[in-house]
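So the structure is just underneath, and the comments pick up after that.
Read the figures in this text as sums done on the coordinates, not as results from a lab. Nothing here was measured: the structure is a model prediction, and the numbers come from that model. Here the Cβ positions follow ideal geometry from the backbone for every residue, glycine too, while neighbour counts run over all protein chains shown.
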Amino acid sequence: MDMPFNKFKQALQQKQFQVGMFLGLGNPVSAEILAGCGFDYLLIDAEHGANDVRSVQTQLQAMAAYPPSCLVRPANHDAALIKQLLGIGAQTLLVPMVDTAAQAAAIVSAMHYPPRGIRGVGTGLERGARWNAVPAYFQQVAQQICLIVQIESRAGLENLDAIAAVDGVDGVFIGPADLAASMGYLGQPGHPEVKAAIEQAIVRIGKAGKAAGVFSTDPALAAAYRASGADFVAAGADTGVLRSAAINLLNSIKPASATVGAAY
């Protein structure tokens with residue numbers, strides 16, 4: 001038995017544009033429904049979403065038979081948590097709040113076994129190694145794991161070139177909401193200055209030879225970022241899509257309910 005092939009990593013290497021969605025509901029049924037909708041990837045969010053290691057695993061299991069790649073965003077940079085997520089079968093991690101090259105290098109170390117890194121060995125207990133059913137696991141794992149670091153602050157932008165240059169970083173993802181807040185535009189991720197900063201960052205990431213990604217629920221902004229060179233876009237989240245669809249359905253039958261407020 002071989003370990004699963006990382007289609008997302010290959011797609012980034014081959015410059016195949018990828019569109020995905022964040023999953024925050026923490027539910028394997030909703031995750032499985034979305035896995036059949038045609039997205040290139042789905043990202044289980046354990047930073048802001050109500051997800052823990054066990055709920056991440058159940059969603060990975062629910063989506064395993066479907067085409068989309070499954071990414072995971074951990075809550076922080078903790079090496080023990082990263083070890084657990086890799087152990088349950090996550091192959092691509094999108095790690096938030098990376099401001100320096102030293103932080104990026106520490107995350108790379110947490111994802112790799114010695115001598116390159118510090119990841120502990122516990123394959124007999126881990127779904128990622130199919131509980132020791134993958135005989136060549138240690139020879140394959142380094143080729144299949146993928147690290148995306150998330151830049152979402154002024155400090156991250158200032159250190160972007162050094163962060164992107166870290167060996168073991170496969171891509172850099174820009175988080176517009178926190179970046180906007182860091183730039184003094186809280187709640188305005190589409191502000192012209194924020195948009196310009198993101199477009200410039202995408203160009204810099206590409207020049208470093210790494211994949212560039214960004215979150216955008218605005219199709220026009222997503223198109224602009226793609227034109228700037230973005231390799232992957234997160235187009236929304238399950239929570240927002242659910243709320244938007246519910247409000248639109250209700251308003252189509254009972255227009256007075258428009259007072260509920262705008263959708264996503």
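Structure summary
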quantity: Taking PHE138, PHE39 and counting other C-beta atoms within 10 Å, the order from fewest to most; calculated: PHE138, PHE39
quantity: Relative contact order of the stretch 129-264, pairs being alpha-carbon contacts under 8 Å that are 6 or more residues apart, as %; calculated: 17
quantity: 28 Å Cα-Cα reach of LYS9 towards lysines, excluding residues that sit fewer than 8 places from it in its own chain; calculated: LYS83, LYS195, LYS207, LYS210
quantity: Burial ordering of TYR41, TYR137, fewest other beta-carbon atoms within 10 Å first; calculated: TYR137, TYR41
